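Asks: Here it is, the structure, as structure tokens.
The values are calculated or read from the model by the stated rules, or taken from the named source; none is laboratory data. Given the structure is predicted, the values throughout are model-derived calculations rather than measurements. Using ideal geometry, Cβ is built from the backbone for each residue, glycine included, and neighbour counts are taken over all protein chains shown. Accessible surface areas use protein heavy atoms only, side chains included; no ligands, DNA or RNA. Shrake-Rupley method; radii C 1.70, N 1.55, O 1.52, S 1.80 Å.
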Amino acid sequence: MNKNRRRVLAVITAGLLILTILSAGCISTLNPLPHEVMVREHIIAVNPEYVPSSLIISLLVNPNGYETSLFDALDEYLPRENPVIEIGAGIGAVSAYVNDRLFIKTEHIALEPNPYYTELLRETKKKNNLGTRFVQGAINYDTAFVPYVVSRNIIDTASAAAYTDETVTVQSLTLSQIIRDSTFVDKTNITLIVDAEGVCEDILDNEPALSHAVSTIITTVTGSDEIFELRRKAESAGYTLANTPLADESGLMTLVFQRT
């Protein structure tokens, strides 16, 4: 084996070893994980203290493998001319992708309950020159404020990743409130993107007349058992299922409903 081949093999072996150690949670106090990742040509700010190391690693290894079911649905069904309300912005990978495709960039509101993620979302907004307005809050119909559990990565003395939970109080919002307080020019043809478990059903239960304002719903589910009930509620609210949901590698499925 020549010297160049040995060098390449050594680099590959070292890389695989690092990924194995990181994925096992053995993060040193120097924390080798980056604070930025690239997802579908957008710079996404991440903080290893709050964003799970497993997610950061998966984005480094396969950045375009993240939520492929949702991205495929957006490619086919996102109306570029309509305003967007996004529930569950997460780390902002979907937000950046959506905003880049809208004709009017400022007609995009993204809701995220995690206060540490909202800080990262502001960084992502600057880095990608997004028009998105990120709002900290959660969809809730019972109380004015709702407790939300945030998991934080703590580096302990053994240089292994430990986790602690912190409960924060988050403002409750309804879809009607978000629409009313928006500056959208057209409040009758909104696209609703929901990437938060159970939230779409909650909206349909509590705001069954949303079809007067929302023309397209794009929502994710993690199990086939959810599809029947969600479809029933959407049809009762005046929508029809426009796509055939298929699971991606992570098991995520995306349903697209359009106003009848």
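Asks: Across the range 91-108, what is the total count of residues that are open to solvent by less than 20 Å² (accessible area, probe 1.4 Å) and either without any contact (Cβ under 8 Å) to a residue 12 or more places away in the chain or assigned to a loop (DSSP other than H, G, I, E, B) (or both)?
Replies: 4
Asks: Only residues that are open to solvent by 10 Å² or more (accessible area, probe 1.4 Å) and either at pLDDT below 95 or within 18 Å of the chain's Cα centre (by Cα) (or both): list them for the range 184-201, please.
Replies: Asp195, Ala196, Glu197, Gly198, Val199, Glu201 - these are the residues of the range 184-201 that are open to solvent by 10 Å² or more (accessible area, probe 1.4 Å) and either at pLDDT below 95 or within 18 Å of the chain's Cα centre (by Cα) (or both).
Asks: Report whether or not Thr254 is modelled with pLDDT of 95 or more and among the hydroxyl-bearing types (Ser, Thr, Tyr).
Replies: yes
Asks: Looking at (1) touching a residue at least 40 places away in the same chain (Cβ under 8 Å); (2) farther than 18 Å from Ile109 by Cα, which is the only condition Ala196 fails?
Replies: (2)
Asks: Right, next: Given the residues Leu22, Leu111, which is the only one that is modelled with pLDDT under 95 and surrounded by 20 or more Cβ atoms within 10 Å (Cβ to Cβ)?
Replies: From the options Leu22, Leu111, the qualifying one is Leu22.
Asks: Same structure again: Could you list, in sequence order, all residues of the range 151-183 that are of a type in the set (S, T, N, Q), assigned to a strand (DSSP E or B), at pLDDT below 95 and surrounded by 10 or more Cβ atoms within 10 Å (Cβ to Cβ)?
Replies: Ser151, Asn153
Asks: Identify, please: which residue in the range 33-58 is open to solvent by less than 40 Å² (accessible area, probe 1.4 Å) and at pLDDT 95 or above and is, among those, farthest from Asn153 (Cα to Cα)?
Replies: That would be His42.
Asks: Hey, can you tell me all the residues within the range 210-232 that are open to solvent by 70 Å² or more (accessible area, probe 1.4 Å) and either of a type outside the set (Val, Ile, Thr) or closer than 19 Å to Asn99 by Cα (or both)?
Replies: His212, Ser224, Asp225, Phe228, Arg231, Arg232, listed by residue number.
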